[in-house]
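What follows is calculated from the coordinates using simple rules that are stated; it is not laboratory data. The structure displayed is predicted, hence computed values, not measured ones. Neighbour counts run over all protein chains shown; Cβ positions are idealised from the backbone, glycine included.
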């Protein structure tokens, strides 16, 4: 069982991040749940809008491959 906590980046500002240490099996299950999960459809006007690579939805990162969420690439 993982213990999660909220944190601020560099201990500045609000607590905007959730830190959850996961072992390999837990991480793989988490990524697979993101890939398999229900996603909101785009509005017609936003279908061709590209993602900003530095700030994208976690489910999009998961769709790019299992290591993307771990490495950010």
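Using the Cα gyration tensor of segment 32-73, with a ≥ b ≥ c the square roots of its eigenvalues, what is the shape: rounded (a/c below 1.5), prolate (a/b larger than b/c) or oblate (neither)? Judged from the Cα gyration tensor, segment 32-73 comes out oblate (a/c at least 1.5, b/c at or above a/b).
Once the piece of chain linking residue 22 and residue 55 is laid out straight, how much longer is it, given 0.36 nm per residue of separation minus the C-alpha distance between them?
Numbers: separation 33, 0.36 × 33 = 11.88 nm, distance 2.22 nm.
Full-extension gain reported as 9.7 nm.
A Förster radius of 30 Å, combined with the Cβ-Cβ distance separating residue 7 from residue 68, puts the computed FRET efficiency at roughly 0.90.
Based only on other Cβ atoms within 10 Å, what is the fewest-to-most ordering of 61, 6?
Numbers: 61 19, 6 10.
Exposure proxy ranking, most exposed first: 6, 61.
Cα convex hull of the chain: how many Å³ per residue?
On the way: hull volume 9.5 nm³, N = 73.
Spread over its residues, the Cα hull of the chain gives 131 Å³ apiece.
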